[in-house]
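Let me begin by presenting the structure, written as structure tokens, before commenting on it.
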Amino acid sequence: EFKLQYGAQRTGKRTDAAMERWRGNRFGQFIHWGLYAIPGGVWNGKTYNYAAEFLKSSAKIPGSTWDSLMYQFNPKKFSAKEWARMAKRMGAKYMTITTKHHEGFCLWPSRFTEFNISRTPYGKDILKELVDAYNAEGIDVNFYYSVLDWHHPDWRYDIKSPEDSVAFRRYLDFAFNQLKELATNYPTVKAFWFDGTWDNSVKKNGWWTYEVEQMLKQVSPGAIVNSRLRADDRGARHFDSNGQLMGDYESGYERRLPDPVTDLKVTKWDWEACMTVPENQWGYHKDWSISHVKSPLELLEMLVHTTSMGGNFLLNFGPAGDGSIRPEEQRIAAEIGSWMQNNGNVIYNSGYAGWEKQDWGYFTAPSRPNTLNMVVFNLPVSGLLKVKVPAGVKISTASTGGKKLRVEEIAKNQYLVHFERKWFAMPQVIVLETGGEGKKGAQYQDAKT
Ligand SMILES: Cc1ccc([C@@H]2N[C@@H](C)[C@@H](O)[C@H]2O)cc1
């Protein structure tokens, strides 16, 4: 055990109302929007295949050239209300917006840098427009903030000299002030999503990450921070040197999900996975033909998979420089939304059931006791859905769309739910009622071999 000053401040899940609301929201919309959306991955007629929000580095663009994109930022098609309505139709309960990505450009009129929205032709406070529009739709807003800042002269990747220390301390003060400004000026914001904290400079300043967490929770009671903000006294990140999760939820799953059989450890804490629609594009890229683009159903399965393991799913949208949402993303919002309309109850306020994963799909446990959801993605040709129950649990009924299904106990703690043998265009939900005692195991004999 290490004696830590800046390690985990709590063990176990937070149980306060703000965290229960964040947990119950389950499904969020990530939005990456900044100057990078203007070139959209193309520079001087050349398409760069790496993530569009990294174009400055992949195309080796000088800082002054990149920063002058600010004078072009004037999204004629931007409507915060339209974005919020689309997110509402999709069934998102929260939205996480990049207030400042690695490029350092701020979507709000920050007092601490000129590199912000007020100096663009657009001029207005985009963050306020988004917070107001999404909150008006009943959707919570969270802020993404990149500690890594390519624009700020005092940013350092590592601390190699006394000058680095002095400069980086100025940078940490700047970032602290910006975060306090965000928490103060946008009081309805519920959570802070930190990124760009992997460099040695931040790892050597775990104290600062601890102070930021404390400040945010003082300025904004109930505020939630992700584990990615945090480094401890010894530079350990996400989990402190004693293995305790720092921050309020684990945010290590980026473009990947935990395995429902081998990664069940994640069910012990709150966590969130964030996901791109293409293989690796967070900001708007003009050419999506360069990689696989996930379909609405692939993404819907990821949402259910995540819920089944007690996590939140943050699905990314990258609006174009003119503020429009590309057709692929509109279709995703519409198709996922059509299913969530009727089946959101298997996602919202639902989580890990603790039952063994089966091939046909996922279990989710609603807050109602003695019921369980089966979300079927892979219907077997037999139409028979295998269910293994924890010892002593009995399934009393199974129904889909209010219609009862035959439930057959075939071995100790094992059932088959008899489902229809036909093709379905969307995942099917079966509600199980449990309770009472399973039949005594006596009638099932183990083979003597
Ligand atoms: C190597 C790497 C650095 C930063 C990222 C950023 N984290 C995601 C949440 C996006 O913001 C991406 O730009 C991704 C990969």
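Relative to the longest principal axis of the chain, what angle (0 to 90°, nearest 10) does the C-alpha long axis of helix 327-343 take?
Long axis of 327-343 versus the principal axis of the chain: about 40 degrees.
So if I take the centroid of the Cα atoms in the range 54-107 and the same for the range 334-402, what is the distance between those two points in Å?
37
For Lys388, list the lysines whose Cα falls under 30 Å from its own Cα; do not include residues on the same chain fewer than 8 positions away.
Lys13, Lys265, Lys268, Lys357, Lys403, Lys404, Lys412, Lys422, Lys439, Lys440, Lys448
Taking only Cα atoms, what is the 0 to 90° angle, nearest 10, from helix 296-308's long axis to the longest principal axis of the chain?
Long axis of 296-308 versus the principal axis of the chain: about 70 degrees.
Just tell me the longest site-free run in the chain, where the sites are GluC sites (Glu not before Pro) in a DSSP loop having at most 12 other beta-carbon atoms within 10 Å.
115-419
Residue by residue, what Karplus-based ³J(HN,Hα) values in Hz, rounded to whole numbers, does the range 128-136 have, using 6.51, -1.76 and 1.60 with θ = phi - 60° and x for Gly and Pro?
Those phi angles translate into 5, 4, 6, 4, 5, 5, 6, 4, 5 Hz.
Rank Thr47, Thr98 by accessible area, highest first, at a 1.4 Å probe radius?
Accessible-area ranking of Thr47, Thr98, largest first: Thr47, Thr98.
Going by amide H atoms built from the backbone, whose H comes under 5 Å of the H on Asn312, apart from near neighbours?
Distant-sequence amide H within range of Asn312: Trp271, Glu272, Ala273.
From the backbone phi of the range 201-207, what are the Karplus-calculated ³J(HN,Hα) couplings (6.51 cos²θ - 1.76 cosθ + 1.60, θ = phi - 60°) in whole Hz, Gly and Pro given as x?
In residue order, the calculated couplings are 4, 6, 4, 7, 10, x, 3 Hz.
List every residue whose amide H lies under 5 Å from the amide H of Trp43, counting only residues 5 or more places away in sequence or on a different chain, with H placed 1.01 Å from N in the peptide plane.
Correct list: Tyr48.
Can you give the local net charge around Tyr348? Use residues other than it whose beta-carbon is closer than 14 angstrom to its beta-carbon, Lys and Arg +1, Asp and Glu -1. All intermediate terms of the calculation are to be shown ahead of the outcome.
Numbers: positive: Arg21, Arg23, Arg26, Lys88, Lys93, Arg368; negative: Glu20, Asp140.
Surrounding charge for Tyr348 is +4.
Gap in Å between the Cα centre of the range 203-280 and the Cα centre of the range 34-53?
Result: 29 Å between the Cα centres.
In degrees between 0 and 90, to the nearest 10, how far off the longest principal axis of the chain does helix 162-185 point, with axes built from Cα atoms?
60
For the range 241-254, just list the computed ³J(HN,Hα) in residue order, Karplus coefficients 6.51, -1.76 and 1.60, θ = phi - 60°, integers in Hz, with x standing in for Gly and Pro.
Once rounded to whole Hz, the list reads 5, 9, x, 8, 5, 9, x, 9, 7, 7, 10, x, 8, 10.
Might you report the magnitude of the Cβ-based charge dipole of the chain about its Cα centre, with Lys and Arg at +1 and Asp and Glu at -1, to the nearest 20 debye?
About 980 debye.
Mind checking the range 1-49 for trypsin sites (Lys or Arg not before Pro) that DSSP puts in a loop (not H, G, I, E or B) and that have at most 14 other Cβ atoms within 10 Å?
Lys3, Arg10
Just the number please: accessible area per residue for the chain, 1.4 Å probe, all protein chains included, in Å².
43
From the helices alone, meaning DSSP H stretches of at least four residues, give me the mean residue ellipticity at 222 nm for the chain, per-run term -39500 (n - 2.57), in deg cm²/dmol to the nearest 500.
Using -39500 (n - 2.57) per qualifying helix, the result is -7500 deg cm²/dmol.
Carbon-plus-sulfur fraction of the accessible area of the chain, 1.4 Å probe, in percent?
In the chain, the share of accessible area belonging to carbon and sulfur is 50 percent.
The values are calculated or read from the model by the stated rules, or taken from the named source; none is laboratory data. Remember, predicted model here, so these are calculated numbers, not experimental data. Positions of Cβ are generated from backbone atoms using ideal geometry, with glycine treated the same way; all protein chains shown enter the neighbour counts. In case anyone asks, the SASA skips ligands and DNA or RNA and just uses the protein heavy atoms, side chains included. Shrake-Rupley method; radii C 1.70, N 1.55, O 1.52, S 1.80 Å.
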